[in-house]
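All remarks here apply to the structure that follows.
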Amino acid sequence: MKVNKKSWLALGGLAVASIVLAGCAGSANDAGSTDEGDATSTLTVWVDSERVDALKGAADAYSEKTGVKVDLVGKDTGKIKDDFIQQAPTGKGPDVVMGAHDWLGELSTNGVVAPIELGDTAGDYLPVALQASTYEGTTYMLPYAVENIAILRNADIIPEPATSFDDMIAKGQAAGLTSPFVVQQGVEGDPYHLYPFQTAFGAPVFGTDAEGNYDPADLQIGNEGGFQFATWLGAQGAAGNVNTDVDGDIAKTKFTEGEAAFWLTGPWNVGVATDAGINVAIDPIPSPTDAAAQPFAGVKGFFVSSESDNKVAANDFLVNYIGTEDVQLELFKAGNVLPALTAAADTAAADPIIAGFQTVGADAVPMPAIPAMGAVWQYWGIAEAAIINGADPTATWQKLTDDVSAAIK
Amino acid sequence: MTDTLSTATDEKAPPQTPRQRSAARMADAAGGRLRWLVLKIVMLAIVDAVALYAVFVLFLHNEWLVLTLVTAVTILVNWIYFSRKQIPAKYLTPGIILLVVFQIFTLSYTAYIGLTNYGTGHNGSKDQAIASLMRSSLVRVEDSPTFDVTVVERVGELGLLVTDPTDGEASLGTNLKPLEPVDATMEGGKAVAVDGWTTLTFADVLARSNEVEELAVPYTDDPNDGAIRTQDGQKGYLYTSTLVYDASADTMTDTTTGTVYTDDGEGAFTSESGEQLLPGWQVFVGFDNFVRALTDTTIRGPLLAVTAWTFVFAIVSVATTFFLGLLLAMLFQNTRMRFKNGYRIMLILPYAFPAFLSALIWAGMMNKSFGFINQVLLGGAEIGWLTDPWIAKFSVLLVNLWLGFPYMFLVCMGALQGIPEEVNEAGVMDGASPWQIFRRIKLPLLLVTVTPLLIASFAFNFNNFNLIYMLTGGGPRFEDTAIPAGHTDLLISMVYKVAFTGQNRDYGLASAFTILIFIVVAVIAVISFRKTKALEELN
């Protein structure tokens, strides 16, 4: 049988049809999203897979109270933001998504989140949580947890907290440790974990305006304190106190095996240390200067999708339900991270570990969520890594400042 | 027993006439055809069932175009397989559908994205961007109180019944009518109902979510006093808006500064001074991304460096693995060698581990301060295996050699066995040296079999994302570039970083890169396969 012209045409038609068939899975359709019969009674919430169980009780109780079905969808933590940004415009995304406050710049720039009005309850949250949930003067996130790094101290080796950075190293050396202090870095540096020391030298990344919002036009990283910090960092690199070869796993091993007595890390690593039988105490971060070493605070919370057809239920669920002490405490139990609601935070602080992080967190500053921060991250880590590895601190820091200000423009 | 058996054999025995024999053959054939027919019907039934389900789902989502196409394809497929004539089409159809779905569609869609500005800040449609800008421009009036509100309805029109928290007075307004005092039924200090209007239950409010969200009741006649809006149907707040959208002029005006932002055709409202309001929206930008990739100096620099390194990496990887594999394969041909199987198992081991796991282990061993190589093998030497630009490149090639030579070893062993021993003997008779025999006779013969595999291996290494991602992550980074690429990044890992890391994604640019990579690989493949043909013709 010959392949004639007609059958090729037929195959062509088939080909075109299949293209669209394959495309239909991802194609956007606005008309389709409005007429789903059950849309008003179901609230789709994307949650970190590990926290589905923690929210289950709250979701069920809310359904019982209001008749709104809450559909919790466990998502892979690493993909939740990208999936949300890509799916929200198609109208197929969730109504509510769980996330971190430093996503805000990206979410807001992509127009996928709707403002949330906390109203009079705003004052019930920790100030840092509230500040972090606000972007360009508008609140977009209902906060539920505040996370910051602190010093984990092996109390069996060093019974007393260190008073300063040098004291910490001295105490560790007196105890016979070769590397008293570990902090996670990596070949591309890790500015997040070095930030407390940078702030101690009075060099935040951005200045803030009168309302406490970060001002991208006011780049502070290259002020005098920045250069002092760079010089200090170079010295610490040379002394081996900060090492780019120490990644998260190596830092963890050194602390859990007792080779290091001080570990600058977050609450997410406390479990690992206590499981390893370490008697952990939480201390403020020892400052290399007279000023306080302020870490970044990361705030976790919930966002309402701008394309949700269910904003009323979504806002009601978040503001009037997730924002209550009981639910915040329930989420706390699942994650062991300080609740964002002041009342819940005070209750949770009965645990000395949480109380330790809360004390350090009182000094914490929210991580900037402004898009200009992307330009900073891009150069920051590699500049710090270069300085730790012996590059000229002043020249490298100057180049960092120049690169960042050029990129922001 | 014996009786019945014998009769049975008797009945079976009668000699067949030619007519009977041909009848039996036909019956047999018919039976076979029937089996095939049943199978065909079952398969088509499955296809049709899936299609029917798809049509049902598409119908619910009002996807008419796709629905029509799915129906058309299904009918076509049924027609092809039930027809007695379309024999070539029967063989080609499944392959073509797969080709279209997995290759042509993916490529066309990537090309399409490459021609748009899709990325951070240009994520959705213009309508969505306007709605989002309007929402985020709402500012709560300073020191304004929280109002208790009740959503009420009259002939389809929604209104807000507002209780003033200071004096407890109730007032009512709609989208068009400002608040006016009314006599309302109070409940616990909150106005809950008013004559002539129906109070919506919470379920009703949820059902009309979108309308409630749009409800903005002017506080007074003066629009500058703001409007009361509610997000949850229970509490209301007084907002003013800082942005005004003029639909006829298609402009956004900032009421606080008076700046006018116009649609600049590039997917965002832009002021005269060039300041953009984000979010913007997706637009078709033609070849802008390609032009940017090739002309923007902060992108072109790393792109060129990465492209050059990608070629070096792919070529050197193929060459080193091939020659090491070949060398070992030739050693194994030596009949005097003992313990062949033991060696063979050891040589194939690297091939047996998942490559990305091996790369991860190598990354640990190559850590500058704590890695096995520096600490144990080199007695504490601080060699930056993965952190020095040149040594990192060497490390990547070394690890890839380790990962890749077993494959080449296996391939070469097979190919060498395929070369007849007479060739060797003939060479010896003619007085050729072993090197000459290898160089002039064996290698060309070997290459005929192996070249297609070398090309495939080149294409694989050209896109060897796993190794780079797990071993060096592309690092060490270029220090001052607009894209987060590094000295050991291949094109594919650079594309990944542009599209999926950091806060400023650029899917458009990444897709443009992808298309460029595709063109390069396709050109190389075409040229190489032509060369292979030439080699084959030699023989």
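The values are calculated or read from the model by the stated rules, or taken from the named source; none is laboratory data. Remember, predicted model here, so these are calculated numbers, not experimental data. Virtual Cβ from ideal backbone geometry, glycine too; neighbours counted across all protein chains shown. For the accessible areas, the whole protein counts, side chains as well, though only heavy atoms, and no ligand, DNA or RNA atoms are used. Shrake-Rupley method; radii C 1.70, N 1.55, O 1.52, S 1.80 Å.
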Can you give the accessible area of B:Trp64, probe radius 1.4 Å, in Å² rounded to 10?
130 Å²
In terms of modelled amide H atoms, which long-range or inter-chain residues lie less than 5 Å from the amide H of B:Ala191?
B:Thr163
If I compute solvent accessible area with a 1.4 Å probe over the protein chains, what percent of it on the range B:315-453 is carbon and sulfur?
69 percent
Signed unit charges on C-beta, dipole axis of chain B, positive-most listed residue B:Val149, B:Leu397, B:Phe102:
B:Leu397
Give me, ordered by chain and number, the residues 5 or more places off A:Ala145 or on other chains with an amide H under 5 Å from its own placed amide H.
A:Lys300, A:Ala340
Let me know the mean shielding of B:472-479 by other chains, meaning the per-residue number of their Cβ atoms within 10 Å of its Cβ.
4
Taking a probe of 1.4 Å and leaving out DNA, RNA and ligands, the range B:300-426 shows per residue an accessible area in Å² of 53 Å²
Explain nothing, just the number: dipole magnitude of the range B:165-232 about its Cα centre with +1 on each Lys and Arg Cβ and -1 on each Asp and Glu Cβ, in debye rounded to the nearest 20.
180 debye
Evaluate the distance, in nm, between pseudo-label points positioned 7 Å from the Cα of B:Arg300 and of B:Ile361 along their respective Cα→Cβ axes.
4.5 nm
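Which entries of A:Lys409/B:Lys393; A:Lys79/A:Lys300; A:Lys56/A:Lys254; A:Lys92/B:Lys177; A:Lys252/B:Lys368; A:Lys75/B:Lys126 have Cα-Cα distances beyond 26 Å here?
As for pairs spanning more than 26 Å Cα to Cα, those are A:Lys409/B:Lys393; A:Lys56/A:Lys254; A:Lys92/B:Lys177; A:Lys75/B:Lys126.
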Once phi is turned into θ = phi - 60°, what whole-Hz ³J(HN,Hα) does the Karplus curve with 6.51, -1.76 and 1.60 give for every residue of the range B:376-386, x standing for Gly and Pro?
8, 6, 10, x, x, 5, 9, 8, x, 3, 10
Starting from a Cα-only point model with no solvent, please compute log10 I(q)/I(0) by Debye for chain B at q = 0.08, 0.10, 0.11 1/Å.
-0.90, -1.09, -1.16
Residue-normalised accessible area of chain A, expressed per residue, 1.4 Å probe, Å²:
37 Å²
What is the magnitude of the charge dipole of the protein assembly as shown about its Cα centre, with +1 placed on the Cβ of each Lys and Arg, -1 on the Cβ of each Asp and Glu, and no other charges, expressed in debye to the nearest 20?
7600 debye
Using only the alpha-carbon atoms, how far is helix B:507-538 inclined from the longest principal axis of chain B? Give it as 0 to 90 degrees, nearest 10.
10 degrees
Which angle between 0 and 90 degrees, to the nearest 10, do you get for helix B:64-82 versus the longest principal axis of chain B when only C-alpha atoms count?
30 degrees
Could you please state, rounded to a whole Å, how far the C-alpha centre of the range B:506-520 is from the C-alpha centre of the range B:236-259?
38 Å
I need the calculated FRET efficiency for the pair B:Phe339 and B:Ile524, taking r as the beta carbon distance and R₀ as 60 Å, to the nearest 0.05.
0.90
If amide hydrogens are placed 1.01 Å from N in the peptide plane, which non-local residues have theirs closer than 5 Å to the one on A:Gly99?
A:Gly301, A:Phe302, A:Phe303
Rg (Å, one decimal) plus Dmax (Å, integer) for the alpha carbons of the range A:285-326?
18.2, 53
Using DSSP to call loops (not H, G, I, E or B), can you name the GluC sites (Glu not before Pro) in the range B:444-539 whose Cβ has at most 16 other Cβ atoms within 10 angstrom?
B:Glu479
Distance from the range A:122-197 to the range B:46-66 (C-alpha centre basis), Å:
54 Å
Spelling out what I want: for every residue of the range A:358-371, take phi, set θ = phi - 60°, compute 6.51 cos²θ - 1.76 cosθ + 1.60 (Karplus), and round to whole Hz; glycine and proline get x.
5, 4, 5, x, 4, 8, 6, 10, x, 5, x, 9, 5, x
Computed ³J(HN,Hα) along the range A:209-225: with the Karplus parameters 6.51/-1.76/1.60, θ = phi - 60°, integer Hz and x for glycine or proline, the list is 7, 4, 8, x, 7, 5, 10, x, 7, 9, 6, 9, 4, x, 6, 4, x
Rounded to the nearest 10 degrees, what's the angle between the helix A:325-335 long axis and the longest principal axis of chain A, both from Cα atoms, 0 to 90?
70 degrees
Volume per residue, Å³, of the convex hull around the alpha-carbon atoms of the protein assembly as shown?
310 Å³
